[in-house]
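S.K.: First, the structure itself, so that you have it in front of you.
The values are calculated or read from the model by the stated rules, or taken from the named source; none is laboratory data. Just so we're clear, the structure is a prediction, and the values are computed from it rather than from any experiment. Positions of Cβ are generated from backbone atoms using ideal geometry, with glycine treated the same way; all protein chains shown enter the neighbour counts. With ligands, DNA and RNA removed, areas are computed over all heavy atoms of the protein, side chains included. Shrake-Rupley method; radii C 1.70, N 1.55, O 1.52, S 1.80 Å.
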Amino acid sequence: LERVPWEACVLEPHRDPALESYVKKRTGMSSPVIGYFAPAPWLAKALVDLHPEYGLLLRLDHELKDLVQLVVCQENSCRFCYAAVRGMLWAQGMSRTRIQRIEQDLARGDLPSRTLAAMAVGRSQSRSGPAGARAARGVLQQAGVDADEMRESAFAVALTDFSNRAHSIPAV
C-alpha cells in the first residue's frame, strides 16, 4: 500500500478516547481510521459492528464472502477499498498466496454455479441496489442457494458497499 499514490483526506481525525476504547474492546485492536468518523459516532460504531467476522454470517461460506467483497470493491472501482479488503484478509491471517488465489478465482469461469451466482449478484446489487433485488434473488434461487444464504449474500454486498462509500466520502 505504501506505493499507492493516495490523495489527501478531506477530514482531520479527532481523538475520542471512549470511541477508541469501544473499537479496541470490540475488535481487539485499535483502528487508524476511526478518528475520521469520531464526529459521527453512530457511523464509527456501525463500521465496527457490521462485520461478518463477528458472527453475523452463519450459513454463507466465508471464502465466498471474501470473493463477494472483492467483486463489490472492483465494481465500485475503489482501489482503496479493494486494497483494504486485501489488507483485512491478510490481517486476519490469510496468506498472500491464498489472497492471490482468491483474486485469480474472480476471473475463473469454471467456479461452482453457486459461487458464480453470488459474484454476479455482488456485481449487480452494487450497481442497482434494492431495485435489482428481485432479479438477484432469482439468480441465486436458480443456482440452488437457500433463503438464509441469500440474505447473508445480500448482507455481504450491502455491508461492502456501505463500507466502501463510508470510507470513500472522506477519502480516508
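S.K.: So how strong a dipole does the range 78-172 carry about its Cα centre when Lys and Arg Cβ are +1 and Asp and Glu Cβ are -1, to the nearest 20 debye?
M.R.: With only Lys, Arg, Asp and Glu charged at Cβ, the dipole is about 300 debye.
S.K.: Run the accessible area of the range 128-172 with a 1.4 Å probe and give the carbon-and-sulfur part as a rounded percent.
M.R.: 60
S.K.: Please report how far the C-alpha centroid of the range 124-155 lies from that of the range 4-52, rounded to the nearest whole angstrom.
M.R.: Spelled out, the Cα-based centre of one part sits 30 Å from the other.
S.K.: Can you give me the accessible area per residue for the range 32-172, using a 1.4 Å probe, in Å²?
M.R.: Counting only protein heavy atoms, the per-residue value for the range 32-172 is 51 Å².
S.K.: How would Arg134, Arg151, Arg15, Arg26 line up by accessible area, probe 1.4 Å, largest first?
M.R.: Largest to smallest exposure gives the sequence Arg134, Arg15, Arg151, Arg26.
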